[in-house]
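J.: Dropping the structure in here first, questions after.
All of the numbers you see were taken from the coordinates with simple rules; none came from a lab. This one's a predicted model, so the numbers in the text were calculated from it and none came from an experiment. All Cβ positions, glycine included, derive from the backbone under ideal geometry; neighbour counts span all protein chains shown.
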Amino acid sequence: MERRPLPTTYRIKSFGCQMNVYDGERMGELLAAQGLTPAAEGEDAELVVLNTCHIRERAAEKVYSDIGRLLKTDGPAPLITVAGCVAQAEGKEIMARAPGVGIVVGPQAYHRLPELIAQASQGIRATDTDMPADAKFAALPRRRRSAPAAFLTVQEGCDKFCTYCVVPYTRGAEISRPFADLVAEAQLLVEAGAREITLLGQNVNAWTGSDEADRTQGLDGLIRRLAQIDGLERIRYTTSHPNDVTDGLIAAHGEVAKLMPYLHLPVQSGSDRVLRAMNRSHTAEAYLRLLERFRAARPDIALSGDFIVGFPGETEAEFAETLQVVEAAGYAHAFSFKYSPRPGTPAATMNGQVAAEVMDERLQRLQATIARGQLAFNQASVGRRCAVLVERRGKRPGQWLGKSPWLQSVWFDADAAIGDLVMVDLAQAGPNSLEGRVLETLAA
Ligand code: 5AD
Ligand code: SF4
């Protein structure tokens, strides 16, 4: 690689989960603090960060096609940085396969970007995939700007080792950020414009810490504390694991008004044999009982889940059990994926890999079942009155889009602004959104 001047403009492209969105924002703040400015829309950036996802195969492949596209430019090639989970898992391969990449930086090391950029500008390709437990957050600049709906990473990593999943290898062991740091960051986000905060973690409900009085708290204790922040109107959290659900978390849904009636609780499969092979250590029945307990605490709660079809050895009868769980759960929303063998995970070398056509067909049936449930949930919401947090403009002038408490997309016509909480009557339901009629705007 040749020496080059330090970059002055940047662009960050985040793939995958919301935690990557959060990391992308923090990298942007870090670069801005170094004096870089975001490249204008349609203009080439001198530094491009691909903040990658390794959870499924297609996500990882995109990285190489993006690198190829970035190098096919008439002008000088940008300094390409591969960040995120592909960087962590395949850093060496990337450096070998893509000579145009200047920096590889893992998800636990991106606070060191300024040094890595300086090194790459000297013509020395730089890799940092260290996993210091907690150093990253302390080294990042203070939060100064926020959208009305903000993310806040409270927990990272995973110790569960589901047999299909790369996360324990790419994000490392479970760590919880300290209580006081999170209260401080939430406060800053609210001062910077956030009205809703979604607490993020691969196993967010495994979060634990010590509060101001040195008492041990779980996620529900953190939520109760954040609910005391004036100006913060809504709290959400994702993603939870069934084994880490506590009585306190369930109770919080009935007691904390700012905690939104929404729960993303993946089950992955409805078959107990498949769940065992996945190392999930819960049964389908135990999962459904948990959902019922959340419903008892908060009857209108919108439930969501994740599913994998075609896990090695999955039979038609076992897949049918997954469809039964979807019907029984009554989801408002759910994500479903074809199983993708991830290098280094136990499931990748299991017998009985399922044929692609079988997976396709199962995914279609599963998605049709989920879509029916989602439409039914939306239709049952018609007639409800609720607050919508306005997040962006709609396609037509005077049209706005926001989220209901149940995380549905709601569009409406009104004189509003981004960040308003607008009271609407939900008037019409489609499969993916609802139309609202405006009653009043609550003071911003
Ligand atoms: N193949 C398919 N889906 C996967 N997920 C995680 N690993 C894999 C894999 N190897 C899904 C799970 C998880 C979500 C984030 O991605 O459903 O909950
Ligand atoms: Fe992956 Fe399982 Fe951990 Fe979720 S709980 S991040 S699926 S290993």
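J.: Just to confirm the filter: which trypsin sites (Lys or Arg not before Pro) across the range 146-239 are DSSP coil and have at most 11 other Cβ within 10 angstrom of their Cβ?
T.: Listed in order of number, the matching sites are Arg215.
J.: Given Cβ point charges of +1 (Lys, Arg) and -1 (Asp, Glu) and nothing else, what value in debye, to the nearest 20, does the dipole of the chain about its Cα centre take? It would help to have the intermediate numbers written out before the result.
T.: Numbers: 49 positive and 54 negative charges, 82 e Å.
Dipole of the chain, to the nearest 20 debye: 400 debye.
J.: Distance between Cα centroids, the range 365-414 to the range 126-175: provide it in whole Å.
T.: 30 Å
J.: Given axes a ≥ b ≥ c from the Cα gyration tensor, I'd like to know whether the range 1-79 is rounded (a/c under 1.5), prolate (a/b larger than b/c) or oblate.
T.: Note, shape of the range 1-79 comes out oblate.
J.: Under the rule of -39500 (n - 2.57) per DSSP H run of 4 or more residues, summed and divided by the residues of the chain, what mean residue ellipticity at 222 nm is obtained, to the nearest 500 deg cm²/dmol?
T.: For the chain, the value works out to -10500 deg cm²/dmol.
J.: Strictly over 21 Å apart at the Cα level, which of Lys92/Lys338; Lys62/Lys92; Lys160/Lys403; Lys160/Lys258; Lys13/Lys62 would you flag in this model? Working shown, then result.
T.: Numbers: Lys92/Lys338 27 Å; Lys62/Lys92 17 Å; Lys160/Lys403 32 Å; Lys160/Lys258 30 Å; Lys13/Lys62 12 Å.
Beyond 21 Å: Lys92/Lys338; Lys160/Lys403; Lys160/Lys258.
J.: Taking the Cβ of Ala251 as the centre, find all other residues whose Cβ is under 12 Å away and add up their charges (Lys, Arg: +1; Asp, Glu: -1).
T.: Around Ala251, the charge tally is 0.
J.: Considering only Leu291, Ala257, Phe307, whose Cα is most displaced toward the positive end of the charge dipole of the range 236-320, charges sitting on Cβ of Lys, Arg (+1) and Asp, Glu (-1)?
T.: Going by the charge dipole, the pick is Ala257.
J.: Identify unpaired cysteines across the chain, taking unpaired to mean no other cysteine Cβ lies under 4.7 Å from the residue's Cβ.
T.: Cys17, Cys53, Cys85, Cys158, Cys386
J.: Among rounded, prolate and oblate, which fits the range 146-228 when a ≥ b ≥ c are the square roots of the eigenvalues of its C-alpha gyration tensor, a/c under 1.5 means rounded, and a/b larger than b/c means prolate?
T.: Judged from the Cα gyration tensor, the range 146-228 comes out oblate (a/c at least 1.5, b/c at or above a/b).
J.: How large is the charge dipole for the range 271-402, taken about the Cα centre, if only the Cβ atoms of Lys, Arg (+1) and Asp, Glu (-1) carry charge, to the nearest 20 debye?
T.: Using only the charged Cβ atoms, the result is roughly 860 debye.
J.: With +1 on each Lys and Arg Cβ and -1 on each Asp and Glu Cβ, how big is the dipole of the range 230-284 about its Cα centre, in debye rounded to the nearest 20? Could you put the intermediate results ahead of the total?
T.: Working: 6 positive and 6 negative charges, 65 e Å.
In total the dipole reaches around 320 debye.
J.: Let me ask something else. Of Ser176, Gln217, Val438, which is farthest along the charge dipole of the chain in the positive direction, counting Lys and Arg as +1 and Asp and Glu as -1 at C-beta?
T.: Val438
J.: If you take every residue apart from Asn378 with its C-beta less than 12 Å away from the C-beta of Asn378, what net charge results, scoring Lys and Arg +1 and Asp and Glu -1?
T.: Once all neighbours under 12 Å are counted, the net charge is +1.
J.: Provide the per-residue ³J(HN,Hα) series for the range 406-417, in order, calculated from phi with Karplus coefficients 6.51, -1.76, 1.60 and θ = phi - 60°, each as a whole number of Hz, with x at glycine and proline positions.
T.: So the Karplus estimates, Gly and Pro as x, are 8, 6, 7, 6, 10, 10, 7, 9, 5, 8, 9, 9 Hz.
J.: Quick check: from the Cα gyration tensor, does the range 1-133 come out rounded (a/c under 1.5), prolate or oblate?
T.: rounded
J.: Residue by residue through the range 242-250, which ³J(HN,Hα) values in whole Hz follow from phi under the Karplus form 6.51 cos²θ - 1.76 cosθ + 1.60 (θ = phi - 60°), with glycine and proline marked x?
T.: x, 6, 9, 6, 10, 4, x, 5, 4
J.: Next up: Work out from phi, with θ = phi - 60° and the Karplus expression 6.51 cos²θ - 1.76 cosθ + 1.60, the ³J(HN,Hα) of each residue of the range 39-47, listed in order in whole Hz, and give x for Gly and Pro.
T.: Once rounded to whole Hz, the list reads 5, 5, 3, x, 9, 6, 9, 7, 10.
J.: Kindly provide the trypsin sites (Lys or Arg not before Pro) of the range 44-104 that DSSP labels as loop, not H, G, I, E or B, and whose Cβ sees at most 12 other Cβ atoms within 10 Å.
T.: Working: sites: Arg56, Arg58, Lys62, Arg69, Lys72, Lys92, Arg97; in loops: Arg56, Lys72.
Filter output for the range 44-104: Lys72.
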